[in-house]
Every structure is written in structure tokens, then in C-alpha cells.
Amino acid sequence: GDVNNITVFGESAGGCSTHYMMCTEQTRGLFHKAIPMSGTLHNYWSNTPPADFAYRLAKVNGYEGENNDRQVLDYLRTVPAEQLVNHSLLTPEDRRNGLIYAFGPTVEPYVMVDCVAPKPQLEMVRDAWSNKLPAMLGGTSFEGLFMYPALKANPKGMDSLPQDLLRLTPYEVRVLNTEQQNLESSKKMKQLYFGDDTPSSKLIMNFMD
């Protein structure tokens, strides 16, 4: 291939990874074009909010010390790997806010030479070294199908939407707006996906596309 004409492509989580590569200084100048499809740093699941998940994980595995990074790390290194994956750390509030997993890319608290994400995503995108590179963004039909098994197994997630329409507005949007703005946005989302029908598990396919 042409070392002076390299294109990076990724889809879904790969799209987020591509966008990270476009924004982190670790990859400056390594490629010339990019295609992040169905995933970018603007997706809530591309970044895990800073939280005490490591501390929670240590506690459910018997740790009784303080929430100190070094002490928590040293303790977790003593726990068998198969035991570490046996616990769900997400609270109901975490799930309501759209968190899918406890551990993922996050803003790194210690800015060092190998740091990939030293600041929030929006700041990374705004100041990205790749902003002048050719890029193509897009999506696929029925993007939400990856959530189908979980929603079928737990239909209450859909059936409770009429009482909690705010969930239709992504968490990363809600935190930037007022409650009234979020309510108006959620009503528009409801109309877009369900029209005049009441959201329920019977209309699950409406929510997939």
C-alpha cells in the first residue's frame, strides 16, 4: 500500500476507536483519512464517566481499605481474574443514565506521555490534530438491534418509558440542558420513534432503527 495515503476505518466501537485515534496526540500524523461509522466520541458509550468503579470492584471482592488508587490496584491484582468478572457494578441510576458497562475509555486523571484521553471528549474533538483531514461519517439501518436481546429479556425497560420519557434523550445531552429542554427533546424523540402510539415493548422494533 501507499504509506502516504492511509485510511483508518471502524464501525460501532471501532468507529469510536477511529475517532479516538483522530483526536489523541498518540496517533498524530500516522494516517491521512478516516471513516468512523456508527460510533464517535459523541456517543455516550464511548466514554465512561469518572467514577469509583475500581473501588466498588475491590469492595465486592473483600477489600476493606480506603478509596486510594494505589491500594485498590494492589488489592485487585491479588484477586483471581475469574472472580473479578462475577460482579455487576452498575447501580439502577447508572443504568438509567445509559451506562452499559463499568469499565471503558475515560478521561485519564494522570496526564503523562502515554495518555490517550487527557480531557473531555468535546474538548478533544474541538482541538483534534485531524480536524483538517478528510473524514466520512455515517451509520447503518437498525442501529439499535444490539439492544434487542436485553430489551426482550427485560420488557419493563420499554414499558416504563411513558412514565420516564426523559430516558429518550441521551444522557450526554441531558447533562448539558435544563430539565424543560430535556423534556421537550424527549417529547420530540417519542414522536419520532413512536408517533401517536404509547411506547411499549410491543413496539420494540420502532426503537431499533
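Out of 144, 87, 17, whose Cα points farthest toward the positive end of the dipole of the chain (charges: +1 Lys, Arg; -1 Asp, Glu; placed on Cβ)?
144
When the helix-only estimate is applied to the chain (DSSP H runs of n ≥ 4, each -39,500 (n - 2.57), divided by the residue count), what is the mean residue ellipticity at 222 nm, nearest 500 deg cm²/dmol?
-9000 deg cm²/dmol
State whether segment 53-96 is rounded, prolate or oblate according to the following rule on the C-alpha gyration tensor (a ≥ b ≥ c being the square roots of its eigenvalues): a/c under 1.5 gives rounded; otherwise a/b larger than b/c gives prolate, and the remaining case gives oblate.
Taking the square roots of the gyration eigenvalues as a ≥ b ≥ c, segment 53-96 is oblate.
Can you give me the long-range amide H partners of residue 9? Hydrogens built in the peptide plane at 1.01 Å from N, cutoff under 5 Å, separation of 5 or more residues or another chain.
Amide H neighbours of residue 9, under 5 Å, 5+ apart: 35.
I'd like the Karplus ³J(HN,Hα) series for segment 118-123: coefficients 6.51, -1.76, 1.60, θ = phi - 60°, whole numbers in Hz, and an x wherever there's a Gly or Pro.
Once θ is set to phi - 60°, the couplings for segment 118-123 become x, 8, x, 3, 4, 5 Hz.
Which one, (i) 17.8; (ii) 19.7; (iii) 16.9, gives Kirkwood radius over Cα pairs in Å as derived from the coordinates shown?
The value computed from this structure is option (ii).
What nm value, rounded to one decimal, do you get for the distance between residue 76 and residue 192 when each label is placed 7 Å out toward the C-beta?
3.5 nm
Which ³J(HN,Hα) values, rounded to whole Hz and listed in residue order, are derived for segment 124-138 from phi using the Karplus coefficients 6.51, -1.76 and 1.60 in 6.51 cos²θ - 1.76 cosθ + 1.60 with θ = phi - 60°, glycine and proline given as x?
Whole-Hz 3J(HN,Hα) from phi for segment 124-138: 4, 5, 4, 9, 5, 5, 8, 4, 9, 7, x, 9, 10, 10, x.
Compute the distance in nm between two label points, each set 7 Å from the Cα along the Cα-to-Cβ direction, one at residue 127 and one at residue 165.
3.9 nm
How about segment 42-88: which GluC sites (Glu not before Pro) there are in a DSSP loop, with at most 11 other Cβ atoms within 10 Å of their Cβ?
Within segment 42-88, the qualifying GluC sites (Glu not before Pro) (loop, at most 11 other Cβ atoms within 10 Å) are 64, 66.
Remind me, relative contact order of segment 115-209 in percent, using alpha carbon pairs under 8 angstrom and six or more residues apart?
35 percent
In straight Cα distance, which lysines are under 23 Å from residue 119, not counting same-chain residues fewer than 8 positions off?
Candidates past the 8-residue exclusion: 132.
Between residue 115 and residue 201, what is 0.36 nm times their sequence separation minus the Cα-Cα distance? Round to one decimal in nm.
26.7 nm
Between 20, 193, 148, where does the largest GNM mean-square fluctuation fall for the chain, given springs only between Cα atoms within less than 10 Å?
Of 20, 193, 148, the Gaussian network model singles out 148 as fluctuating most.
Using Cα springs under 10 Å in a Gaussian network model of the chain, which residue among 77, 95, 28 shows the largest mean-square fluctuation?
With Cα springs under 10 Å in the chain, the top fluctuation among 77, 95, 28 is at 77.
We did not get these values from a lab; they are worked out from the coordinates using the rules stated. Note that the structure is predicted; figures quoted are calculated from it, not measured. Backbone-built Cβ (ideal geometry, glycine too); neighbour counts: all protein chains shown.
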